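Everything below concerns the one structure shown next.
The values are calculated or read from the model by the stated rules, or taken from the named source; none is laboratory data. Bear in mind that the values here come from a model prediction, so they are computed numbers and not experimental data. Backbone-built Cβ (ideal geometry, glycine too); neighbour counts: all protein chains shown. The protein model used for the area step is the full one, side chains on, heavy atoms only, and it has no ligands, DNA or RNA in it. Shrake-Rupley method; radii C 1.70, N 1.55, O 1.52, S 1.80 Å.
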Amino acid sequence: VKPASAGQALDDAERVALGAGLSWSVTGRAAQGVLRVRTQGDGASQARYAGQLRAAIAALGGHVQFSGGTHALGSEVDPHGPLGPAAGVMFAVKQRFDPAGILPYPWGRS
């Protein structure tokens, strides 16, 4: 998120986690707008949290990616999420430097 939105992002992360019945913690660099949220709970609650958090952060103009616990989320949640206008640039760079498609790009599903 934008650094000015980090406080609201933290509030949203807490509200959504508590609503999903998850315990949570956060680390990161609020001044850079980069937050790492860790949650604990069952897979269904984690998936619900993922969708709700993405919506809340998107409303702030931010982006959410999931790592580490993505196995618990299964195929229900794309770990990279929608890329929006960044996708065109990412695909162009990928095509320019890897025209044979040798390197993986999991964000290509978005």
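Our helix-only sum for the chain, with -39,500 (n - 2.57) per DSSP H run of n ≥ 4 divided by its residues, gives a mean residue ellipticity at 222 nm of -13000 deg cm²/dmol. Computed on the chain, with alpha-carbon pairs under 8 angstrom and 6+ residues apart, the relative contact order is 22 percent.
Would you work out what percent of the accessible area of the chain, with all protein chains in place, is carbon or sulfur (probe 1.4 Å)? C and S atoms contribute 56 percent here.
Keeping all protein chains in place, calculate the accessible area per residue for the chain (probe 1.4 angstrom), answer in Å².
Numbers: 6970 Å² over 110 residues.
Here the residues of the chain average 63 Å² of exposed surface.
Spacing of the modelled spin labels on His63 and Ala86, each 7 Å from Cα toward Cβ, amounts to 0.2 nm.
Could you point to the label whose value was computed as P(r) over Cα pairs in 10 Å bins from 0, in percent for the structure here, given [x] 13, 36, 32, 15, 4, 0; [y] 12, 38, 28, 14, 5, 2, 0, 0; [z] 14, 41, 31, 12, 2? Only one listed value fits the structure, namely [z].
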